[in-house]
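A.B. asks: Pasting a structure below so you can have a look.
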Amino acid sequence: MTKSNPLFVDSTKVRGDVIGTQIELRDAMIYDDEQLFVLVTNNQGMTTRTQMKVLDYRSYEARVHLSHQTHVTFQFVVEKDSKILWLSAQHTGRAQYAIVEEWEPLTDETAIAAAQSLINKPLNSLDHKSEDPNAWARESSMNVRALMDKWGL
Amino acid sequence: MATIVSVINQKGGVAKTTTSLNVASSWAKQGKRILLIDLDPQSSATKAVFGDQEFEKTIYDVIVNQAQIDDVIQKSETFGFDMIPAEIMLSGVDMQLAAHFGREQILKRKLEPIAHRYDSILIDCSPSLGLMTINALMASKDIIIPICPEYFSLKGIELILNTLQNIRVGLGYKVGVRGVIITRFRDRRIVKDVIHQVREKYDLHVYSNYIPDNIAVEEAHHCHKPVHTHAPRSPAAQAYMSLASELWI
């Protein structure tokens, strides 16, 4: 983990608060029929796979929600027809407001095979409207129902 | 609403204060409503404008919440702008605010109620990286970097760009670099090489009006006047007036 200067730590957030992190990859070039994804593993070991959008010439961006200042690992993947073509090294860092990396692909077949196994996991959509808005309420009501049953209310 | 711009270089002696004062005064002369904030504990800008005059309340009192911002604004008839003075107590403010919630955005919040009264607010930063410099950057839309064209100034630029990146990553705020001002310019080959490197290596805009190394600037400080009033025909006065127009666009 890199050194952390307290001057550059947001004093309005405590460690673990959810923040939106802008992930940027520079100096990457992909063809029209290829997609670029970022695999982010949070401090609880959960990996999300998010498609990156064009930011600028040879620059791509994605926005993910992470727990402030917690340890994360991330990796960039270029895919075509759900098959990994290129893969970056796994980077580590703290969850802050921006993560900026330069594209540097690996050619390690083992690493590519390991990352390929994550491909079938569902995409972490960039469009929040596509998420089920009732999921949280449904889950909460189930919890309440379970508690009421448990306590005989 | 005022555009807030910080004049910053973490390297000392590059004419930050001289540039802030003379650009602010030139803008004021052109009819703009300007507020200059001295955020340097050495208070060089304050002393250059008001001499040895003492102020009961300064920017320090605003930052530590012991004064309202309206109560510390001073008008300078000679320079034509409003100014918030500094004092040496600012040097200890980092320790005082170490555990303060939202400490990096105090200045930004304090400026919000008065920003509509000005066309531009210029902040003269201290040549160090501390909480007040972070506050200046968090309050600013852009920065201007004055440099003396020499090797160490290039290192200064690297430090600033690194600081801006840290602010973006750690505090989630993107500050723009408006451009680089060449001060104390002398027509030497090494000077031109440094300017070329600033353009090529850092991809930064370098303003075309270089400020020449001119004794009139120092004399103007001594007389507590802007250089365009003290020596209007001097090369430095003309350069600052042209630079002020170039900066405003």
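The values are calculated or read from the model by the stated rules, or taken from the named source; none is laboratory data. Since this is a predicted model, take the numbers as computed values, not measurements. When we count neighbours, we look across all protein chains shown, and the Cβ atoms used for this are built from the backbone with ideal geometry, even at glycine. Note: accessible area is taken over every heavy atom of the protein model, side chains too, but ligands, DNA and RNA are not part of it. Shrake-Rupley method; radii C 1.70, N 1.55, O 1.52, S 1.80 Å.
A.B. asks: Could you state the principal axis extents of the C-alpha atoms in the protein assembly as shown, from the largest down, to the nearest angstrom?
C.D. replies: 80, 62, 34
A.B. asks: Give me the Debye-computed log₁₀ of I(q)/I(0) at q = 0.09, 0.10, 0.12 Å⁻¹ for segment B:105-227, equal point scatterers on Cα only, no solvent, two decimals.
C.D. replies: Scattering profile of segment B:105-227, log10 relative to I(0): -0.31, -0.38, -0.55.
A.B. asks: Above 24 Å lies some portion of the pair distances; for segment B:3-180, what is it as a whole percent of all C-alpha pairs?
C.D. replies: Every Cα pair in segment B:3-180 considered, those over 24 Å come to 31 percent.
A.B. asks: I need the helices of chain B that pass two filters: whole DSSP H segments spanning 27 Å or more by Cα along the axis, and mean Kyte-Doolittle score no lower than 0.0.
C.D. replies: B:151-171
A.B. asks: What is the sum of charges around A:Asn43, taking Lys and Arg as +1, Asp and Glu as -1, for the other residues whose C-beta is under 12 Å from the C-beta of A:Asn43?
C.D. replies: +2
A.B. asks: Per residue of B:127-137, what is the mean number of Cβ atoms on other protein chains within 10 angstrom of that residue's Cβ?
C.D. replies: 1
A.B. asks: Okay, next question. Among the lysines, which fall within straight-line cross-link reach of B:Lys192, defined as a Cα-Cα distance under 24 Å, with same-chain neighbours fewer than 8 residues apart omitted?
C.D. replies: Here the lysines satisfying the reach criterion relative to B:Lys192 are B:Lys11, B:Lys16, B:Lys155, B:Lys201.
A.B. asks: By a straight-distance test (C-alpha under 20 Å), which aspartates and glutamates pair with A:Lys13 as possible cross-link partners, with residues fewer than eight away in the same chain excluded?
C.D. replies: B:Asp94, B:Glu104
A.B. asks: Once every DSSP H run of n ≥ 4 in the protein assembly as shown is given -39500 (n - 2.57) and the sum is divided by its residues, what mean residue ellipticity at 222 nm do you get, rounded to the nearest 500 deg cm²/dmol?
C.D. replies: Only helices count here, giving -9500 deg cm²/dmol.
A.B. asks: Another question, then. Taking the mean number of other Cβ atoms within 10 Å as a proxy for protection, how do you rank A:32-40, B:196-204 from highest to lowest?
C.D. replies: Per-residue mean Cβ counts within 10 Å order the peptides as A:32-40, B:196-204.
A.B. asks: With both bridge residues required to lie in the protein assembly as shown, what share of the DSSP beta bridges run antiparallel, to the nearest 5%?
C.D. replies: Antiparallel bridges: around 55 percent, rounded to the nearest 5.
A.B. asks: With a sphere of radius 12 Å drawn around the Cβ of B:Ile59, what net charge do the other residues whose Cβ falls strictly inside it have (Lys, Arg +1; Asp, Glu -1)?
C.D. replies: Net local charge, B:Ile59 excluded: -4.
A.B. asks: How many percent of the accessible area of segment B:3-180 is carbon or sulfur, using a 1.4 Å probe?
C.D. replies: Answer for segment B:3-180 is 49 percent, counting heavy atoms of protein chains only.
A.B. asks: Counting partner chain Cβ atoms within 10 Å of every residue's Cβ in B:168-181, what's the average?
C.D. replies: Per residue, the average neighbour count from other chains is 4.
A.B. asks: Further question: Rolling a 1.4 Å sphere over the protein heavy atoms, what is the accessible area per residue of segment B:67-110, to the nearest Å²?
C.D. replies: Using a 1.4 Å probe on heavy atoms only, each residue of segment B:67-110 averages 51 Å².
A.B. asks: Take the Cα radius of gyration of segment B:67-166 and divide it by 2.2 N^0.38 Å, with N its residue count; two decimals is plenty.
C.D. replies: 1.19
A.B. asks: Stretch A:Met46-A:Tyr31 to full length: gain in nm at 0.36 nm per residue minus the Cα-Cα span?
C.D. replies: Taking 0.36 nm per residue and subtracting the Cα distance, the gain is 2.5 nm.
A.B. asks: I want the local charge near A:Phe8. Using Cβ-Cβ distances under 15 Å, sum +1 for each Lys or Arg and -1 for each Asp or Glu among the other residues.
C.D. replies: +4
A.B. asks: While we're on this one: Within straight cross-link reach of A:Lys83, meaning Cα distance under 23 Å, which lysines are found once same-chain residues fewer than 8 apart are removed?
C.D. replies: A:Lys53, A:Lys121
A.B. asks: Between B:Arg186 and A:His71, take the C-beta separation as r, use R0 = 56 Å, and let me know the FRET efficiency to the nearest 0.05.
C.D. replies: 0.65
A.B. asks: Turning to a different aspect of this structure: To the nearest whole number, what is the average tally of beta carbon atoms from other chains within 10 Å of the beta carbons of peptide B:159-165?
C.D. replies: Across the residues of B:159-165, the mean count of other-chain Cβ atoms within 10 Å is 1.
A.B. asks: For the pair A:Thr107/B:Glu56, report the inter-label distance in nm, with labels modelled 7 Å from Cα in the Cβ direction.
C.D. replies: According to this spin-label approximation, the distance is 7.6 nm.
A.B. asks: Take the alpha-carbon centre of segment B:148-195, take the same for segment A:13-83, and report the distance between them in whole Å.
C.D. replies: Segment B:148-195 and segment A:13-83 have Cα centres spaced 30 Å from each other.
A.B. asks: Any idea of the total accessible area buried by the A-B contact, 1.4 Å probe, rounded to 100 Å²?
C.D. replies: 1300
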